[in-house]
1. Taking the number of other C-beta atoms within 10 Å as the exposure measure, put B:33, B:257 in order starting with the fewest.
2. Please report Rg (one decimal) and Dmax (integer) in Å for the Cα set of chain A.
3. Using DSSP to call loops (not H, G, I, E or B), can you name the GluC sites (Glu not before Pro) in the range B:268-334 whose Cβ has at most 11 other Cβ atoms within 10 angstrom?
4. Hey, rough spin-label estimate for residue B:326 and residue B:57, points 7 angstrom out along Cα→Cβ, what's it come to in nanometres?
5. Given charges of +1 on the Cβ of Lys and Arg and -1 on the Cβ of Asp and Glu, with all other atoms neutral, how large is the dipole of the protein assembly as shown about its Cα centre, in debye to the nearest 20?
6. To one decimal place, what orientation-averaged projected area in nm² is obtained for the convex hull of the Cα set of the range B:162-281?
7. How many partner chain Cβ atoms sit within 10 Å of a residue's Cβ in peptide B:378-386, on average, as a whole number?
8. Choose one of A:10, B:310, B:407: the residue whose Cα lies farthest towards the positive end of the charge dipole of the protein assembly as shown (beta-carbon charges +1 Lys, Arg; -1 Asp, Glu; about the Cα centre).
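Just so it is clear, none of the values below were taken in a lab; they were calculated from the coordinates. These numbers come from a predicted model, not from an experiment. Positions of Cβ are generated from backbone atoms using ideal geometry, with glycine treated the same way; all protein chains shown enter the neighbour counts.
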Amino acid sequence: MISKEKVKYIAKLARLALSEKEIERYQNDLSKILEYFEKLKEVDVSRVKPTFHPLKIKNVFREDVETKKDIEKIKKLIELMPEKKDGYLKVKKVL
Amino acid sequence: MKLEDFTIEKIKEGLLKKEFSATELTKAYLEKIEKEDKKIRAFLTLSPEIALKQAKEIDERIFLKKELPSLAGVPCAIKDNILVEGIKCTAGSKILENYIAPYDATVIRKLKEAGVVILGKTNLDEFAMGSSNENSAFFTTKNPLDLEKVPGGSSGGSAAAVAANFCVFALGSDTGGSIRQPASFCGIVGLKPTYGAVSRYGLIAFASSLDQIGPMTKNVRDCKAVFEVIRGKDEMDSTSLEMKEVNNLRIRSLEEIKIGLPKEYFLEGMDPEVEEKIKKAIKKYEEMGAKILEISLPHTPYALACYYIIATSEASANLARYDGIKYGFSIIKNEQRTIDNLLEVYFKSRGQGFGEEVRRRIMLGTFSLSIGYYDAYYLRAARVRSLIIKDFEEAFKKVDLILAPTSPTLPFKLGEKIDDPLKMYLSDVFTVSVNLAGLPAISIPVGKVGNLSVGLQIIGKPFEEEKIFDLATFYELSTSN
C-alpha cells in the first residue's frame, strides 16, 4: 500500500488538485494497480536494451528554414486562449 | 433506401447509375441518426452543414460528368479525438468541451480529398482511455447488438455508429486495442495499422509510441479501401513512413501460407463461448488448406503490465499540455477573482477538467516516471517491451500470420467493470502486445453468441496489411455463401 503522502506528492508533480476523498480513492486504486505491475519483476531484463519506440528510425530532420505563416490559423489559435490581451496570451503572475 | 446494405462499392454504383444523389443519401443517413441515435448515443456532435456541403460537391461532379474520387459520397463518422476543422473536438473530455478544431488532421484532409461526407463525431472514453466507453465525460454509448451491453472502447461510438448503419465507415484510434475490441464487441471489422503507416497529425495524443488511427467498417473490402486513402508518409508526423510497394504480399491460395496460434493466448481466462467460435474459425482456415502451427510468445503474461506502465507514462507527459492556459477548460473563466497565481490555474483547471480515469492514469504515469521509481517501473517496462517485440520476430520466422481472439469475453454489461479499474484493464489482455510491437492487426466477426458477436484477430508483420486483408477476405468469402 502506498502512503497518502506519496499520493499527495504524485498529485503535486502531476499538477492535479484532488480532494481528500479522491486522494483516498486513488491511494487504494494505485496500490492495487502497482501491485499488479510488480509482475514485471519476474522477468530477467539485466541484459535487455529498452525500446522506447517501435520504429527503427531516429533523428528525422527537416531544413531549418522559416515556414509560411498561416494568419487565419494563428487567429483561430489565439481565439481558443482562455485569457488574452491584444493578441497575446495572458497568464497569472508566477510568484 | 436500405442503408444496412450500403458498402463503399454499392454507393459508387448507385451514384453513377443515378439511383440516388449524394445529397439524398446524406439526408437519409442524417434522418436515421436523428431517429435512432437517441437509444444508442454513438454521436457527440453532428455536422449536417458540412456533410450536405460535401454531398453537394459530389453531386456537382456527377452532373458535370467529372471523375469521382475513391470514396465519393460515402457517409462516415469520425472518432472525437481526430480534428475536423471548424467542428468541436472534445476527446470525450470536459477539458475540451468547447474546443473547436482549428485545422484538419492529415487523415481528414485525405478523406476529404477522396470525397467522403462527414456526418459527425463519435463518442469515446475520455482521451481514449477505457475499454467500455463508460469513461466519456458526456454519456455512455450502448451496443447496438444489445442495449444492455457496452459497445467496447475506446472507439465505442465509431463501432456503434457502423454497426447501427449510421454511416458506412468510421475512423477510430487504437493505443491498446481501442479499434479492435469495440469492432469485436459490435460485430464489425476494425484495423489497427502498423505503427507509422498512418499519420497521427491532428490526432489528440494519448500514448505517442502506441497510438494509430485506423478504419472501422462493415466488411474487409471497405476496410482496405479506407486504409488505402489514409495511409502514407506525412511531413507533419515524423514517425510516419511510406509503405514499400511489395508485390509478393498477396495471398493467392491458403495452401501457401502458415498461420501461427500463440499457445499463451489459449491458456485460461477466455469465455468458453468465445473460445468455441475462435476455434471454429481456425478450423475453417485449416479446412480451406492453411497450415496451422502452434507458436509461443513467451512474454505474453507480462504484456498488460508493460503496456499500462508505458501508456500511462506517455499519457502523463502528453496531457501536460492541458494547463488551463493555452486552450480548453480553464478555472480563470469561473473563478476569475479568487485565483491569483499561475500554479493555482494549473492545479484547479486540471483537477476539475479531467475525469476520474484520466487523472488515475496521469497519476500512475507520473509515479512510474518519478525519481526513485523510473528504473523499477518505466525503464523495466521498456526493457520488457523489447522482449515482447523479440517474441513476435521469432514467431514470424516460422509463420506468415498469427490468429488470436480479440477479446477474452463477450461484451459485458454496462456498469459491470467500471468500479474496478484493474478488472477493466484486463479486457485489453489480447490486444496490447500488438501496439507494444507496432504491428498491424485486424478484428473480424467470426460468429454470434445470441445477439452478441465474437471477433477474431489477425496479426501480421510490420507493413504487411495486404496479407491481413487477404486472409480476412478468405474467411469472409467462406461464410458469405
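1. So the residues, fewest neighbours to most, are B:257, B:33.
2. Every Cα atom of chain A included, Rg and Dmax give 22.6, 58 Å.
3. Passing both the DSSP loop test and the Cβ count: B:268.
4. 2.9 nm
5. So the magnitude is around 920 debye.
6. Computing the convex hull of the Cα atoms and averaging its projections yields 9.7 nm².
7. Average neighbour count from other chains, rounded to a whole number: 6.
8. A:10
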